[in-house]
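Asker: Mind looking over this structure? Questions follow.
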Amino acid sequence: MPTIFYGEHMSQRTVTVDGKSISTDGSIIRDVVRDKRAVAARIDGRLVDLSTPLADGQDIATVPADSDEGVHIIRHSAAHVMAEAVKQLFPDAKPTIGPATEDGFYYDFDRGQSFTPEDLEKIEKKMEELVKADLPFIRKDMDRQEAAAFFREKGEPYKVEIIQDMDDEVCDVSLYEQGSFVDLCRGPHVPSTGYIKAFKLLSIAGAYWRGDEKNRMLQRIYGTAFGSPKDLKSYLNFLEEAKKRDHRKLGRELDLFMFSDDAGPGLVIYMPKGGRLRSLIEEFEKRLHFRRGYDIVYGPNILRGRLWEISGHMDNYKENMYFTELDSQLYGIKPMNCLSHIMIYKSKVRSYRDLPLRYFELGSVTRNEKSGVIHGLLRTRQFTQDDAHIFCRPDQLIEEITAIIDMVAEVMAVFGFSYDMEISTRPEQSMGSEEMWNMATQALKDALDKKGLPYDINEGDGAFYGPKIDVKIKDAIGRSWQCATIQCDFNLPERFDIHYVGSDGERHRPVMLHRVILGSIERFIGVLIEHFAGAFPVWISPVQAVVMNITDAQAGYAADVADRLRKSDVRIELDARNEKIGYKIREARQQKVPYMVITGDREKEEGTITVRERSGDQQTMTVDEFVKIVREAQPVV
RNA sequence: GCCAGCGUAGCUCAGUGGUAGAGCAGCUGAUUCGUAAUCAGCAGGUCCAGGGUUCAAGUCCCUGCGCUGGCUCCA
């Protein structure tokens, strides 16, 4: 192994640091970096340690602790410190991998036993000691074979496996040592453990080696670290905030939906207010689709097994499906809505003039989700999609895709979501020719390119019958959720042998688009709840206003106002209980009702109402004026 | 499905192997009040289910179910 003596050349050098030219007799980058917050540096776009030797004429950019890259490096270093702590406390734990993530870091260990919450505390304490000791991170470059031998001797088989699985052309690997711990690692790292000023261990979880469920389950410890204690604190606050917005908690508190152990896991039961919310969204969707040339259709929930064989579901989707038997015939409970729509298409001879045909269905689908993945409204075993299938000619394909992209944009604007898009390509489990897949994928790309919209590629994540554009919406606290998806399918038209008669009098094969805008209504409602923290916009609020009197003297007037509002389609509740107005307001606020309509003696005398908003602002007006305000909150689509 | 933790009143949660508890919500009564909780009383339990250990189990052990956090999978 070549040894570098950093102090070897004591000559003067001229380097550029963050755009400033510096003349130095120092030998490593750290010698010329004035910025105390610097944790690493960038040379020619490459991230390096501050201990990297200086070379004459180098252009150095420092990476501060509070930058995205800096935080990433701190987290990665924290993962190493955690591994050292674990090795000291539990010598039998074999380290595997420990990367930084978007909001923290983790390290996976192979160990006979699991870690307990008490272990977590011990590990955190030990980490604090290691940070206090301010141990330097020392990089060592090592020949690949030598490194493999080194880890084999240390009894760390996972590191050996990682080295052996590297590309053939890799000759040297780098190791980082701090204190008693050496890890295979590309780096860079902070100069010493003392740079890790704000960290916290969060949870223990199981994780498969290399993410494959056929492999051994490892013990993962999650933690997070930041450039400063202040940033760590604000992240922990953010987690608290997210907890308060949890749709499962709000769903119960606002009486929207429930789950019942007796009914079964992953099966949503809508309570009256949740039912109202859902029906409002569905009404909105029906209008939306009618106005854009869609037809509303309904298909059965179970279809013959034979049909699922033709569609390829039996070969590609069977493990997600439920089956039943009727008159000793096999039936599949639908996990998707496409088959009935294909039946509708097939029911007549179609002319090229008839296309595109757009069939829309608020279709409930049932999928056998593994027990461990079920999660409130966001992952259920039965859900309703705002599903549509568009049958079109190949020459109409791009136009139809772009129309859907526009529709997604309009709907997301109505709800106030921003979003990113990605294209998912052919998965391993799939059917059809390579040519079809290429055509379909190209069509999706062309449509996005034509609109000038940016997108990522998600290799191998398409549906089994075709590639898709996935829309990931971002909620109010920055988390992203998949809702809309647009799938391009050349497969099912062929399998069901559907066709249209072209202008040439010949039969031609149409193309099929599968698409959803909100995706699963359940999931979308879950995201809506968290996005608005339960304080829905007026137009979808299950209760838009609570009418309340101040004393029994205005009970009759309040009932009269309530009646007038109800007859004007304002969704109201009347709170005529013998309680103080402060108490009624408190309850309405907790229920996140947008308006409180207060009727005291003053209002009764003038024939008005006082309307209090969620913000606390209030105004006295007539019932008609208030009705107008509520009506105008309805979006036009 | 896998790993770990958890399961007590409608909700949030206390509970040392020895009589099942609190706050809020609910119900009843009093109070008639102007912008985030009026007072008093009452009622509320298969301690997730089944089995085991024990003189005795909410508490310890086993199995199942469910939930939570992850992993894999996904709208």
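The values are calculated or read from the model by the stated rules, or taken from the named source; none is laboratory data. Source: prediction; values computed, not measured. Heads up, the Cβs are rebuilt from the backbone with ideal geometry, glycines too, and the neighbour counts pull from every protein chain shown. Protein only, heavy atoms only, side chains kept; ligands, DNA and RNA dropped before computing areas. Shrake-Rupley method; radii C 1.70, N 1.55, O 1.52, S 1.80 Å.
Asker: Please identify the longest segment of chain A free of exposed GluC sites (Glu not before Pro), where exposed means a DSSP state other than H, G, I, E or B and no more than 15 other Cβ atoms within 10 Å.
Answerer: By the stated rule (loop sites, at most 15 other Cβ atoms within 10 Å), A:214-427.
Asker: Output ³J(HN,Hα) for region A:369-378: one whole-Hz value per residue in order, computed from phi by the Karplus curve 6.51 cos²θ - 1.76 cosθ + 1.60 with θ = phi - 60°, and x for Gly and Pro.
Answerer: 3J(HN,Hα) across region A:369-378, in whole Hz: 7, 4, 4, x, 9, 5, 8, x, 7, 7.
Asker: Starting at the first residue of region A:270-279, write each ³J(HN,Hα) from the Karplus equation 6.51 cos²θ - 1.76 cosθ + 1.60 with θ = phi - 60°, in whole Hz, x for Gly and Pro.
Answerer: 3J(HN,Hα) across region A:270-279, in whole Hz: 7, 8, x, 6, x, x, 5, 4, 5, 5.
Asker: Across region A:108-114, in residue order, what do the Karplus-derived ³J(HN,Hα) couplings come to in whole Hz, using 6.51 cos²θ - 1.76 cosθ + 1.60 with θ = phi - 60° and x for Gly and Pro?
Answerer: Listing the rounded values in order: 9, 10, 9, 8, x, 10, 8 Hz.
Asker: State, to one decimal in nm, how far the label point of A:Lys122 lies from the label point of A:Lys445, with both points 7 Å from Cα in the Cβ direction.
Answerer: It is 5.4 nm.
Asker: Given a cut-off of under 8 Å on Cα pairs at least six residues apart, what relative contact order in percent is computed for chain A?
Answerer: Computed value for chain A: 9 percent relative contact order.
Asker: If I model a spin label as a point 7 Å beyond the Cα along the Cα-Cβ vector, how far apart are those points for A:Lys346 and A:Lys286 in nm?
Answerer: 2.9
Asker: In terms of modelled amide H atoms, which long-range or inter-chain residues lie less than 5 Å from the amide H of A:Leu202?
Answerer: A:Tyr222, A:Gly223, A:Thr224
Asker: Taking the simple approach of a point 7 Å from Cα along Cα-to-Cβ for both A:Asp18 and A:Gln634, what is their distance in nm?
Answerer: For the pair A:Asp18/A:Gln634, the computed spacing is 5.8 nm.
Asker: May I ask you to derive the FRET efficiency for A:Arg216 and A:Asp560 from their Cβ-Cβ distance with R0 = 56 Å, giving the value to the nearest 0.05?
Answerer: Approximately 0.20, to the nearest 0.05.
Asker: Tell me the net charge near A:Gln145. Cut-off is 11 Å between Cβ atoms, A:Gln145 excluded, with +1 for each Lys or Arg and -1 for each Asp or Glu.
Answerer: After counting each charged neighbour, the total is -1.
Asker: For A:Ser364, what is the net charge nearby, where nearby means another residue's Cβ is under 12 Å from its Cβ and Lys, Arg count +1, Asp, Glu -1?
Answerer: Summing Lys/Arg as +1 and Asp/Glu as -1 gives -1.
Asker: Give a quick list of trypsin sites (Lys or Arg not before Pro) in region A:335-393 that DSSP marks as loop, anything other than H, G, I, E or B, with at most 12 other Cβ atoms within 10 Å.
Answerer: Passing both the DSSP loop test and the Cβ count: A:Lys348, A:Lys370.
Asker: Accessible area per residue of region A:500-637 at 1.4 Å probe, in Å²?
Answerer: Details: 6390 Å² over 138 residues.
It amounts to 46 Å² per residue over region A:500-637.
Asker: Please check which bits of region A:205-241 a label hung off A:Ile477 would reach, taking the label as a point 7 Å along Cα-to-C-beta and the cut-off as backbone N under 16 Å.
Answerer: Only A:232-241 pass the distance filter.
Asker: Sum up the charges of everything whose Cβ sits under 13 Å from the Cβ of A:Gly600, counting Lys and Arg as +1 and Asp and Glu as -1, but leave A:Gly600 out.
Answerer: Charge balance in the 13 Å sphere: 0.
Asker: How large is the helix-only mean residue ellipticity at 222 nm for chain A, computed as the sum of -39500 (n - 2.57) over DSSP H runs with n ≥ 4, divided by its residue count, in deg cm²/dmol to the nearest 500?
Answerer: So the helix-based figure for chain A works out to -10500 deg cm²/dmol.
Asker: Got a number for carbon plus sulfur as a percent of chain A's accessible area, 1.4 Å probe? Can you show the working numbers first?
Answerer: Values: 14620 of 30670 Å².
Solvent-exposed carbon and sulfur of chain A make up 48 percent of the total.
Asker: In addition: Might you tell me the accessible area per residue for region A:209-282, computed with a 1.4 Å probe and given in Å²?
Answerer: Here the residues of region A:209-282 average 58 Å² of exposed surface.
Asker: Further question on the same structure: Taking a cut-off of 26 Å between Cα atoms, list the lysines near A:Lys334, but don't count ones fewer than 8 places away on the same chain.
Answerer: Leaving aside lysines fewer than 8 places away in the same chain, those within reach of A:Lys334 are A:Lys286, A:Lys318, A:Lys346, A:Lys348, A:Lys370, A:Lys468, A:Lys472.
Asker: Rg/Rh for region A:384-481: what does it come to with C-alpha atoms and Rh from Kirkwood?
Answerer: Values: Rg = 14.1 Å, Rh = 14.5 Å.
Over the Cα atoms of region A:384-481, Rg/Rh equals 0.97.
Asker: Report the per residue volume, in Å³, of the convex hull enclosing the C-alpha atoms of chain A.
Answerer: Dividing the Cα hull volume of chain A by its residue count gives 234 Å³.
Asker: Per residue, what volume in Å³ does the Cα convex hull of region A:119-270 take up?
Answerer: 186
Asker: Restricted to Cα positions, what overall size does region A:21-77 have along the principal axes? Three whole-Å values, descending.
Answerer: For region A:21-77, the Cα extents along the three principal axes come out at 32, 21, 18 Å.
Asker: Shifting gears a bit: Report, ordered by chain and residue number, the aspartates and glutamates lying within cross-link reach of A:Lys580, taken as a straight Cα distance under 12 Å and ignoring same-chain residues fewer than 8 apart.
Answerer: Those aspartates and glutamates meeting the cut-off are A:Asp552.
Asker: Leaving out ligands and nucleic acids, and using a 1.4 Å probe, what accessible area per residue does region A:48-205 come to in Å²?
Answerer: Numbers: 7110 Å² over 158 residues.
I get 45 Å² per residue for this part.
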